[in-house]
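Everything on this sheet refers to the single structure shown next.
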Amino acid sequence: MAESEEERRIIREMESLNDSKRKIDDQIGLLQARLVQIRQNNHSTKTYGNELSSHDIYRYSRHLLLPSFAVQGQANLLNSSVLVVGAGGLGSPALLYLAACGVGRLGIVDHDVVELNNLHRQIIHNEAYIGRPKVESAAAACRSINSTIQVVEHKEALRATNALEIMSKYDVILDATDNAPSRYMISDCCVVLGKPLVSGAAVGLEGQLTVYNYNGGPCYRCLFPTPPPTTACQRCSDSGVLGVVPGIIGCLQALEAVKISAKVGDPLSERMLLLDAMSARIRIVKIRGRSQQCKACGDTSPLTRQQFEEFDYESFTQSPLSTTPLKLKLLPGDARISSKEFSKKIKDAEPHILVDVRPSHHYKIVSLPRSLNIPLPSLEDRLPEISSALKKEQECRGLDSGSGTGLYVVCRRGNDSQRAVEYLHKMGFSTAKDIIGGLESWAFDIDPNFPTY
Amino acid sequence: MQLTLEFGGGLELLCNSVKIHSVDVDHKVGEEKVQLTMKDLLAWVRKNLIKERPEMFMKGDSVRPGVLVLVNDCDWELSGQLDTILEEKDVVVFISTLHGG
């Protein structure tokens, strides 16, 4: 369905208005920051028995009223700095609370842009920021909540080459990333720099939280000296995630960071919190202490700055630091067709069977017409269904058996379809081909209205 | 011996998506009941509960890297890992560490 002239005109007008709005917002932001600075300078000499200004006393009064937090806790918080790595599902609520509660300097690292399918859980971003850097969006939200703190934007991917420089400027680090190599890298960097690390993770309906490298406690490598196999690393973009689950873990990360920064309470070190949202259960378990044999923080040969900078985290964990989806190449070119070629076969009414090997709950989201859903794990058991579908197609078309009925396999991105075709070839379906790039390429090249997820 | 076994962080997918299993495990040498260790339990779990991809649960005679084992809410590193001796009504949790966010 093409856009009408009217739709295009409205979109153009909205874009132009949004542009102006952004410029005005930027101007207001600058003026606001200037005003705050002037007011702070005016009041900086004037205190009332402690180091908090009149503004601070009123803004943070509910903290000051807590006997166990009080003026000293708030003053510690205002003098502290926290770096949040990742402005996604975990980082969003964490940043909102850290900005609101008055962490003196708040850093945000992220290299991604806001996408529509982030918004159900990455609650710091809104529709107006789709397509723009997450760091800009998150920083603007933090500043609009609290213009009196310093918000620092690090619009880059965190790597072993820049991590020391960025992380050294902060007192507490929050790991709100989404992949294994980043988790090892951030933990190692915290060990080298001697910084506490508040680590949260969430996938599906479960979350985990702990504090590493705090007060003689273990680091990430003490717990996980060997990286897991890549197949064991679930990602939200594949396995899904209920929006509120990272929300809860992100809030708890903010809480631990506040406790550490304010120097109150008992941070979650040598303990781990496990959240199972489906059964509404939270368990807090005791985990091992620092390991003397740890390759990062152990006594024998602690990690040096140089070793850290030269360490290849991607090859160590066999997975990339960024979350670009895997693109396998298992099949020779003649065992694959593009979505364009496949769409031509449909147009030409060539006899064929299309097998969709995605899980059935994916198939229910969207599927191509006349496709047969056989999820990859059940392919072995359901080969007879493919044989009979091929036979039926031949009979319907009045073809002799053995004549050219195509067998095509599709999945979401074109990886599982290759695995399936490899197996089908082995089982004697020698003409099976997979559709390169899967349904995503169908949506991109053939039907822009075909839903993607 | 009555035990409660729990699987989480995606490991439940290896046992028909069931997270909590109440099981009765006895370790015998001949006719005589002997102490059950975590090593024995892992072999039992692999044989009786893991329905697919055992390599996602075990490596050698221990769990694969990235799996935390908790005996009565306590890291098994603190109780002797594979040599941990289990007792009646113990709760053993196997949880795969998460990386997403």
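The values are calculated or read from the model by the stated rules, or taken from the named source; none is laboratory data. Remember, it's a predicted structure, so these values are computed and weren't measured experimentally. As a convention, Cβ positions derive from the backbone with ideal geometry for all residues, glycine included, and neighbour counts pool all protein chains shown. The area values use the complete protein model at the heavy-atom level, side chains included, leaving out ligands, DNA and RNA. Shrake-Rupley method; radii C 1.70, N 1.55, O 1.52, S 1.80 Å.
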May I ask you to list the residues in the range A:124-172 that are surrounded by fewer than 19 Cβ atoms within 10 Å (Cβ to Cβ), hydrophobic (A, V, I, L, M, F, W, C) and farther than 26 Å from A:Cys190 by Cβ? A:Ala128, A:Ile130, A:Ile145
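Take the residues of the range A:72-105 that are in a helix (DSSP H, G or I) and in contact with an Asp or Glu (Cβ under 8 Å, 6 or more places away or on another chain): which is surrounded by the fewest Cβ atoms within 10 Å (Cβ to Cβ)?
Within the range A:72-105, the first condition is being in a helix (DSSP H, G or I), and the residues that meet it are A:72-78, A:91-101.
With in contact with an Asp or Glu (Cβ under 8 Å, 6 or more places away or on another chain) added as a condition, the list becomes A:74-75, A:78, A:91.
Working: A:Gln74: 24, A:Ala75: 19, A:Leu78: 21, A:Gly91: 31.
By that ranking, first place goes to A:Ala75.
Just to be sure before I move on: is A:Glu395 among the charged types (D, E, K, R), open to solvent by 30 Å² or more (accessible area, probe 1.4 Å), closer than 19 Å to A:Leu376 by Cβ and in a helix (DSSP H, G or I) in the structure I sent?
Numbers: among the charged types (D, E, K, R): yes; open to solvent by 30 Å² or more (accessible area, probe 1.4 Å): yes; closer than 19 Å to A:Leu376 by Cβ: no; in a helix (DSSP H, G or I): yes.
When the stated conditions are applied, A:Glu395 does not pass them.
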For the range B:10-50, which positions are within 14 Å of another protein chain (Cβ to nearest Cβ) and open to solvent by 30 Å² or more (accessible area, probe 1.4 Å)? B:Leu13, B:Asn16, B:Ser17, B:Val18, B:Lys19, B:Ile20
Considering only the range A:125-132, I want to know if a residue exists there that is β-branched (Val, Ile, Thr) and touching a residue at least 24 places away in the same chain (Cβ under 8 Å). no
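When the residues of the range A:333-378 are filtered to those that are part of a helix (DSSP H, G or I) and hydrophobic (A, V, I, L, M, F, W, C), which remaining residue is farthest from A:Glu422 (Cα to Cα)?
Going residue by residue through the range A:333-378, those that are part of a helix (DSSP H, G or I) are A:333-335, A:339-347, A:360-363, A:376-378.
Next cut, hydrophobic (A, V, I, L, M, F, W, C) only: A:335, A:342, A:346, A:376.
Working: A:Ala335: 9, A:Phe342: 19, A:Ile346: 23, A:Leu376: 12 Å.
Looking at the filtered set, the residue picked out is A:Ile346.
Restricted to the range A:57-71, and to residues that are among the aromatic types (Phe, Trp, Tyr) and open to solvent by 20 Å² or more (accessible area, probe 1.4 Å), which residue is nearest to the other protein chains (Cβ to nearest Cβ)? It would help to see each step written out before you state the result.
Pass one, the range A:57-71, residues among the aromatic types (Phe, Trp, Tyr): A:58, A:60, A:69.
Those left that are additionally open to solvent by 20 Å² or more (accessible area, probe 1.4 Å): A:58, A:69.
Working: A:Tyr58: 35, A:Phe69: 28 Å.
Taking the candidates together, the pick is A:Phe69.
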Quick one: A:Ala99 ticks every box in (1) out of contact with any helix residue (DSSP H, G or I) (no Cβ under 6 Å at 6 or more places or on another chain); (2) within 15 Å of A:Val151 (Cα to Cα) bar one, so which box is it? (1)
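Report yes if A:Leu77 is within 14 Å of chain B (Cβ to nearest Cβ) and at pLDDT 95 or above, otherwise no.
Taking the combined requirement at face value, the residue does not satisfy it.
So, in the range A:272-302, exactly how many residues are among the aliphatic types (A, V, I, L, M), more than 8 Å from every other protein chain (Cβ to nearest Cβ) and not in a strand (DSSP E or B)? Before you say what the answer is, go through the steps one by one.
So in the range A:272-302, the residues among the aliphatic types (A, V, I, L, M) come out as A:272-275, A:277-278, A:280, A:282, A:284-285, A:287, A:296.
When the remaining residues are screened for being more than 8 Å from every other protein chain (Cβ to nearest Cβ), the result is A:273, A:275, A:277-278, A:280, A:282, A:296.
Okay, now just the ones that are also not in a strand (DSSP E or B), so A:277-278, A:280, A:296.
Total satisfying the criteria: 4.
This table checks each residue for (1) in a loop (DSSP other than H, G, I, E, B); (2) out of contact with any Asp or Glu (no Cβ under 7 Å at 6 or more places or on another chain); (3) more than 8 Å from chain A (Cβ to nearest Cβ); (4) exposed (fewer than 15 other Cβ atoms within 10 Å of the Cβ).
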{"residue": "B:Glu52", "(1), (2), (3), (4)": "yes, yes, no, yes"}
{"residue": "B:Val69", "(1), (2), (3), (4)": "no, yes, yes, no"}
{"residue": "B:Glu77", "(1), (2), (3), (4)": "no, yes, no, no"}
{"residue": "B:Val92", "(1), (2), (3), (4)": "no, yes, yes, no"}
{"residue": "B:Leu98", "(1), (2), (3), (4)": "yes, no, no, no"}
Considering (1) surrounded by fewer than 13 Cβ atoms within 10 Å (Cβ to Cβ); (2) of a type in the set (Gly, Ala, Ser); (3) over 29 Å from A:Tyr220 (Cβ atoms), say which one A:Ala335 fails and leave the rest. (1)
Regarding B:Leu3, is this residue within 11 Å of chain A (Cβ to nearest Cβ) and under 22 Å from A:Asp276 (Cβ atoms)? no
On the given criteria, is A:Leu268 open to solvent by less than 20 Å² (accessible area, probe 1.4 Å) and on the phi < 0 side of the Ramachandran plot? yes
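Condition first: open to solvent by 70 Å² or more (accessible area, probe 1.4 Å) and touching a Phe, Trp or Tyr at 6+ places or on another chain (Cβ under 6 Å). Can you find one or more residues in the range A:432-439 that meet it?
no
Find the helices (runs of 4 or more DSSP H) located wholly in the range A:159-257 whose residues include 3 or more that are within 12 Å of another protein chain (Cβ to nearest Cβ) and modelled with pLDDT of 95 or more, and list them. Don't jump to the end; show me each part of the working.
Numbers: elements: A:163-167, A:180-193, A:220-223, A:236-239.
Filter on the range A:159-257 gives A:180-193, A:220-223.
Okay, residues lined up against (1) over 35 Å from the mean Cα position of the chain (by Cα); (2) touching a residue at least 60 places away in the same chain (Cβ under 8 Å):
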site	(1), (2)
A:Asp25	no, yes
A:Leu30	no, no
A:Ala33	no, yes
A:Arg39	yes, no
A:Leu52	yes, no
A:His63	no, no
A:Phe69	no, yes
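A quick yes/no check of all residues on (1) assigned to a loop (DSSP other than H, G, I, E, B); (2) under 24 Å from A:Leu275 (Cα atoms); (3) within 11 Å of the chain's Cα centre (by Cα):
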site: B:Glu12; (1), (2), (3): no, yes, no
site: B:Ser17; (1), (2), (3): yes, yes, no
site: B:His21; (1), (2), (3): no, yes, yes
site: B:Asp26; (1), (2), (3): yes, no, no
site: B:Asp40; (1), (2), (3): no, no, yes
site: B:Trp44; (1), (2), (3): no, no, yes
site: B:Glu55; (1), (2), (3): no, no, no
site: B:Leu82; (1), (2), (3): no, no, yes
Matching residues, the range B:54-67, being open to solvent by 50 Å² or more (accessible area, probe 1.4 Å) and within 10 Å of chain A (Cβ to nearest Cβ): B:Glu55, B:Lys59
Scope the range A:343-362; condition within 33 Å of the chain's Cα centre (by Cα) and open to solvent by less than 80 Å² (accessible area, probe 1.4 Å); matching residues: A:Leu354, A:Val355, A:Asp356, A:Val357, A:Arg358, A:Pro359, A:Ser360, A:His362
